[in-house]
1. Take GLN492 and decide whether it is among the polar types (S, T, N, Q) and touching a residue at least 40 places away in the same chain (Cβ under 8 Å).
2. Name the residue, out of ARG243, ARG282, ARG265, that is at pLDDT 90 or above and farther than 22 Å from GLU358 by Cα.
3. Out of the residues in the stretch 593-617 that are crowded, with 19+ Cβ neighbours inside 10 Å and out of contact with any Cys (no Cβ under 6 Å at 6 or more places or on another chain), state the one that is nearest to LEU636 (Cα to Cα).
4. Can you say whether ALA564 is within 29 Å of the chain's Cα centre (by Cα) and at pLDDT below 60, as far as the supplied structure shows?
5. Being hydroxyl-bearing (Ser, Thr, Tyr) and surrounded by fewer than 21 Cβ atoms within 10 Å (Cβ to Cβ) narrows it down to one residue among SER504, SER424; which is it?
6. Yes or no: the stretch 220-227 includes at least one residue that is small (Gly, Ala, Ser) and in contact (Cβ under 8 Å) with a residue 60 or more places away in the chain.
7. Scan GLU244, GLU238 and give me the residue that is of a type in the set (D, E, K, R) and touching a residue at least 24 places away in the same chain (Cβ under 8 Å).
8. Can you say whether ALA240 is within 30 Å of VAL205 (Cβ to Cβ) and among the small types (Gly, Ala, Ser), as far as the supplied structure shows?
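The values are calculated or read from the model by the stated rules, or taken from the named source; none is laboratory data. Remember, it's a predicted structure, so these values are computed and weren't measured experimentally. Virtual Cβ from ideal backbone geometry, glycine too; neighbours counted across all protein chains shown.
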Amino acid sequence: MSAEATNPATPGPTTPSTQRRRARPRLDLRRLGRAALLGPAARDRVPDAIGHVAEAHRGHHPDADLDPLRRAYVLAESSHRGQMRKSGEPYITHPLAVTLILAQLGAETTTLTASLLHDTVEDTDVTLDQVRAEFGDDVCYLVDGVTKLEKVDYGAAAEPETFRKMLVATGNDVRVMAIKLADRLHNMRTLGVMRPEKQARIAKVTRDVLIPLAERLGVQALKTELEDLVFAILHPEEYAEVRELISAKTRAGTDPLADISEEVRGVLREAGIAAEVLIRPRHFVSVHRAHRKRGELRPADFGRLLVLVNEDADCYGVLGELHTCFTPVVSEFKDFIAVPKFNLYQSLHTAVARGDGEVAEVLIRTHQMHRVAEAGVVALHNPYAVPSEEQPPDGERADPTRPGWLSRLLDWQQAAPDPDTFWSTLREDLAQDREIAVYRTDGGTLGLPAGASCVDAAYAQYGEDAHACIGARVNGRLATLSTVLRDGDTVQLLMGQDLASGPSRDWLDHARTPAARIAIRRWLTTHPASAPVPPAQSAPAPPALVTVPAATPRPQVSAALRPAAENVVVDREGATVRLAGCCTPVPPDEITGFAVRGGVVTVHRVTCPAVARMTQVGRPEVGVRWGDTTECRVTLIAESFGRAHLLADLTEAIALEGAAIISATVEPPSQQRVRHTYTLQLPDAAHLPGLMRAMRNVPGVYDVARAQHRAAAAP
C-alpha cells in the first residue's frame with residue numbers, strides 16, 4: 001500500500017518502529033481534530049477532490065451522510081501532505097483512487113471512510129487511537145486490518161505475517177479484504193514506474209493470493225481487471241497477441257452480437273418480459289482462454305450477451321424464450337441460480353445458435369444478482385455479520401455464518417508453525433477454487449475443497465483428535481481414509497479408542513486441506529520413531545495365510561482346552577458329536593443335527609445354509625440340544641484397517657477375556673483392510689458378547705462377526 005510513498009522529511013528507519021515513531025515530531029491531536037471537523041471547506045460542503053467519490057457513492061446510497069467522508073479526506077490530505085508517489089503524483093491520489101473504486105462497487109460509507117484513511121497509520125503520524133476517537137471503532141478496525149507490519153520488526157516475514165493479520169481481521173469483517181483488493185488494483189494500475197523484477201514479484205503475489213481471494217469473495221469486477229494486469233506483466237507476448245486479436249476484431253467493425261442482441265430484445269418484447277440486453281466484451285484473459293480452447297475465434301466469441309430482469313422467475317422465462325426461438329447448445333447450460341456458487345454468484349448460463357450458425361453465449365440474471373456478481377461482498381456490505389434490528393438488511397441476501405473456506409483458512413493458519421509454511425500453504429489452499437458440501441451422519445455439514453478425502457473430513461470435524469481415525473463409511477458403505485469425497489456425500493468417521501495413536505505417513509498423500517496436512521506433519525515430526533508405517537510399505541509382505549497354532553503361549557489364558565463338543569446332548573446312542581465348522585454353533589444358539597459317515601452327528605445352527613441343503617435332499621434331522629456344560633468353541637471374523645501391532649493387540653484382547661486361541665489366520669492386506677479369522681475356546685458361552693465387544697474396541701477394528709462359511713455339499 002505504501003510501497004510507492006516517499007517522504008523526504010522523514011529519515012530512513014534505523015530502529016524498531018515503536019522507537020522510530022516516538023522520535024518523530026507528533027502531530028497535535030487537537031489540531032488534527034479541528035482540521036478534520038472544520039478543514040478548509042465549509043462543514044456542509046464536500047471538497048472538490050472527493051466530488052467524484054461522493055457522486056459515485058450517492059448513486060448507490062442516495063441518503064448517505066457524506067460528512068464522515070469529508071472529515072476523512074481532510075485528515076488524510078493533511079497527513080499525507082508532502083508525500084509523493086514514485087510516479088511523481090501527490091500521495092493523496094492513491095487513497096482517493098482506492099476509495100473511488102470501492103464507491104463505484106457500491107461500498108457503504110464506513111468502508112469508504114476507512115479507505116480514505118487506510119494508509120495514514122502506516123505512513124504518517126496518525127495513530128489508531130486518533131482514528132477511533134474521530135471515526136469510531138468500525139473505521140479503526142478496518143484501518144488496522146489493512147495496515148502493514150513493519151519490515152524493521154518482522155524482516156522477511158513481514159509480508160506473510162501482514163497477510164495473516166489481514167485474513168484474521170477479514171474473518172470478523174470482510175470489508176478489510178475489500179479495501180485491500182481495491183488498494184492492490186490501483187497499485188497494479190500504476191505498477192509501470194517500478195523496476196521489472198519488482199513488478200514481477202508483486203504480480204505473482206497478486207496472482208497467487210489476491211486474485212483467488214477476489215474470486216472467493218465474489219468481487220468479479222476487481223478480479224477480472226487484476227487478471228488482465230497480471231497477464232500483461234507475467235506473459236507479455238501472449239498479452240500482445242490477445243491485444244492484437246481484439247484490435248483486429250474492432251477494426252473489422254462488424255459485430256454479430258449486436259444483431260443477435262436486437263433479435264433477443266424483440267423476442268423478449270413479444271413475450272412481455274421486461275429485460276435489459278447488454279453486450280459484455282470479454283476481458284483479455286477470457287479471450288486468451290477462449291483462443292486456446294477453440295483455436296480461431298469467431299466475431300461472436302469476443303463477448304457475451306447479458307440479460308438483466310427484475311425477478312428470479314423472469315430469468316427462467318427468458319431462458320425458455322431463448323431456447324424456443326433459437327437452437328440451444330445443451331452442453332453450455334448451467335443453473336447457478338438454483339445452485340449458487342460458493343462465492344454468492346448467481347446466474348443462468350446458456351448458449352444459443354442462429355440459423356446461420358452464429359453462436360452467442362448468454363448470461364441471465366436479475367439486477368440484484370448482477371450487482372452481487374460484480375461486487376460480491378462489497379455489494380452486501382458485510383454479509384457474514386448478523387444484521388442489527390435497527391438496520392435490517394433491506395432485502396439483501398445476508399448470511400450470518402462465515403463461509404466455509406474462510407473458516408478453514410482461519411483454523412489452519414493458527415497451526416502454521418512459521419511464516420514460510422503459512423505463505424506456501426496459503427497459496428496451495430487458494431489454488432483450490434471449488435468447494436463441496438459433505439454431510440455428517442450427526443446432521444452437521446462439512447465444507448471442503450473439491451478433491452478432499454476422508455482424511456480431510458476427519459481433521460475438519462475432529463481437529464487433531466482425527467489422529468485416532470481408523471476409517472470411514474461413505475454413503476453407508478465402508479471406505480478407506482483415502483477415498484475422495486464428492487459433493488453431497490454423507491460421511492461417518494470411525495474413531496479408534498486410543499486417542500494417543502497417530503496418523504500414517506501415507507495420509508499426507510490423501511490430504512488436500514492445509515488443516516490436515518499441517519496437523520499430520522506436526523505429529524510425524526514430534527513422533528519420528530512411533531509414526532505408523534502403512535501396510536503397503538511394510539516389509540516383508542505377509543504370506544497368503546498366517547496360522548497361529550494352539551500351542552502358542554497367550555497371556556492370562558485361564559481355561560484349559562476341552563473336547564470341542566463335550567457340552568452337546570444327542571438323541572442317538574453311541575454317536576460322536578461334532579460342531580459344524582460352517583456355522584460354529586454355541587450356546588444358546590438354536591441347533592439341529594445330521595448323521596454323517598462313521599456314526600458322527602454334525603451339529604449346525606438352524607439358520608445355517610447347510611441345513612437347508614441337507615433338508616432339500618431328504619437327509620433326516622437328528623435331535624440335539626445343549627447340555628449342562630457351557631464351554632464352547634466359536635470362530636470369529638474381525639475386519640480391520642491395517643496398522644502396526646494390530647495382531648498383537650487383538651490376541652491380547654482375546655486372552656484378557658479368558659478365551660483360548662485354537663487357531664488364527666490373517667489374510668494379506670487389501671486396500672488397507674485386513675481380515676482376521678480366529679477359532680476360540682470359551683469357558684462360558686455367556687462370555688461371547690463381551691469378547692466380541694472387546695475385539696471391536698481394539699483400535700483399527702471396525703467389525704467382528706461370527707463366521708458363516710460357504711455351505712458344502714451334503715456328505
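1. Yes: the conditions hold for GLN492.
2. On the way: ARG282 fails: farther than 22 Å from GLU358 by Cα; ARG265 fails: farther than 22 Å from GLU358 by Cα.
On inspection, the qualifying residue turns out to be ARG243.
3. If we take residues in the stretch 593-617 being crowded, with 19+ Cβ neighbours inside 10 Å and out of contact with any Cys (no Cβ under 6 Å at 6 or more places or on another chain), then VAL603 is nearest to LEU636 (Cα to Cα).
4. Details: within 29 Å of the chain's Cα centre (by Cα): no; at pLDDT below 60: yes.
When the stated conditions are applied, ALA564 does not pass them.
5. One residue alone meets the criteria, SER424.
6. Residues of the stretch 220-227 that are small (Gly, Ala, Ser), as a first pass: 221.
Adding the requirement that they be in contact (Cβ under 8 Å) with a residue 60 or more places away in the chain leaves 221.
Yes.
7. Numbers: GLU244 fails: touching a residue at least 24 places away in the same chain (Cβ under 8 Å).
The match here is GLU238.
8. yes
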